[in-house]
Amino acid sequence: MPAGWWTRKRHYFLYVVREFTALPLALWLLWLLVEIKRAGDGPARYSPHGSTAFVVFSVIVLLFALYHSVTFLSLTGVIIRVKLFDRPLPSGLISLAMFVLWAVASVVIGFVLIWFGR
Amino acid sequence: MPEKRITIKATRYDPEKDEKPHLQSYEIPFYDESMVVLDALNYIKSDVDGSLSYRWSCRMGICGSCGMMVNGTPKLTCNAFLRDYWPQAIVVEPLNNFPIIRDLVIDMEDFMHKLKSIKPWIIRKQEIPLGAGEHRQTNEQIDDFRQFSQCINCMLCYAACPVYGLNDEFLGPAAIALARRYNLDSRDQGLKQRLPVIGDSEGVWECSFVGECSVVCPKGVDPAKAIQQTKLDTTMRFVLPYGNRE
Ligand code: SF4
Ligand code: FES
């Protein structure tokens, strides 16, 4: 396989981008662990990291996370087989259900975080 | 009106003479809109250069033997129309990711070995005597695996799969789709015999879901779907208390 195989086709390229998005996401999550550790010292000694560079990095990582999630959830309809009354549910419906669950989970987690943060 | 012509650049390779494969150009008449790449190769072989080697048989997308790279994409050459490429030249190469035997002919030994390893036949714990009648199935039971039974073993999915290209130990798309076809068949009881092969690290777990196998599959088998469903199934067997059922 030539080293540049992933540049040969749009599909390969998008796949590599999808896989690559996991890397900055992992870095951001490591950073989150550092922040949690710092916050463990108590509110008086904690100041959140708010430099412009970090905000820009976070926004980019958010876009990557959205791309990763959307590509992943769109595929769930292909992967998950659910039968209702002996007939398989249409894959579009399964993907839609996953997106709804994703939205509900995001709202609930956001709500809980804001609630405890106050 | 001058005769329409098209250029075919085909891989030539004679292991006894050539160090590596190279392309040879042939300009041939494009006399019929229904001509496919395989017709062009047949024209070259019969009228221009009889030494060109390639596989084919049915000319109707059934036998799966005429798969080649057409302008970099794995295609059945009997199903790739010249009109979709003309006036550009068409580059015809042997399927990616396989060793070349000669010209456009690849060595499919590895694929055959993998197909066999998943035991692609109905396995029964106890054979039912013929006199006991047929194994009946409902339409819904057939629908469960119908899509995965359409495979014609053309190997286009292997040529499209970068994971197989990087690691030829990977069981690969068509073999896993075929395993799923039998595992979903209500008459089959061979899941446990196939699990060590499909659940292996070189089985479904080697796949990182590029998805190109399903894009190039000429029969709509969707091997990527078979692989991801198998991943989910094998995981469920592992985590659910009743998972290790037959
Ligand atoms: S799954 Fe599709 S592409 Fe792969 S061998 Fe079967 S028919 Fe060909
Ligand atoms: S010649 Fe049989 S599939 Fe093309």
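Annotations
- Among residues of the stretch A:8-36 that are farther than 16 Å from A:SER69 by Cβ, those with a beta-carbon under 6 Å from a residue that is assigned to a helix (DSSP H, G or I) at least six positions away or on a different chain give the pairs A:HIS11/B:GLU212; A:TYR12/A:TRP6; A:PHE13/A:TRP6; A:VAL16/A:TRP6.
- Residues that are of a type outside the set (A, V, I, L, M) and either surrounded by 18 or more Cβ atoms within 10 Å (Cβ to Cβ) or more than 16 Å from ligand 1 (Cβ to nearest atom) (or both), drawn from the stretch B:137-148: B:GLN137, B:THR138, B:ASN139, B:GLU140, B:GLN141, B:ASP143, B:ASP144, B:PHE145, B:GLN147, B:PHE148
- Qualifying position, being of a type in the set (A, V, I, L, M, F, W, C) and away from chain A (no Cβ under 14 Å), among B:PHE111, B:PHE145: B:PHE111
- Test: B:GLU134 is more than 14 Å from chain A (Cβ to nearest Cβ), out of contact with any helix residue (DSSP H, G or I) (no Cβ under 9 Å at 6 or more places or on another chain) and either acidic (Asp, Glu) or within 16 Å of ligand 1 (Cβ to nearest atom) (or both): yes
- Where strands (runs of 3 or more DSSP E) fall entirely within the stretch B:1-103, those with at least 1 residues that are within 16 Å of ligand 1 (Cβ to nearest atom) and under 30 Å from A:TRP6 (Cβ atoms) are at B:67-70, B:73-76.
- Qualifying residue in the stretch B:234-242 (condition: within 14 Å of another protein chain (Cβ to nearest Cβ), closer than 30 Å to B:SER65 by Cβ and touching a Gly at 6+ places or on another chain (Cβ under 9 Å)): no
- Pick from the stretch B:41-91, criterion among the basic types (Lys, Arg) and more than 14 Å from chain A (Cβ to nearest Cβ), ranking: nearest to ligand 2 (Cβ to nearest atom): B:ARG59
Rule-based calculations on the coordinates, nothing more; no lab input. All of these numbers come straight from a predicted model, not from anything done at the bench. FYI the Cβ positions are ideal-geometry reconstructions off the backbone, even for glycines, and counts take in every protein chain you see.
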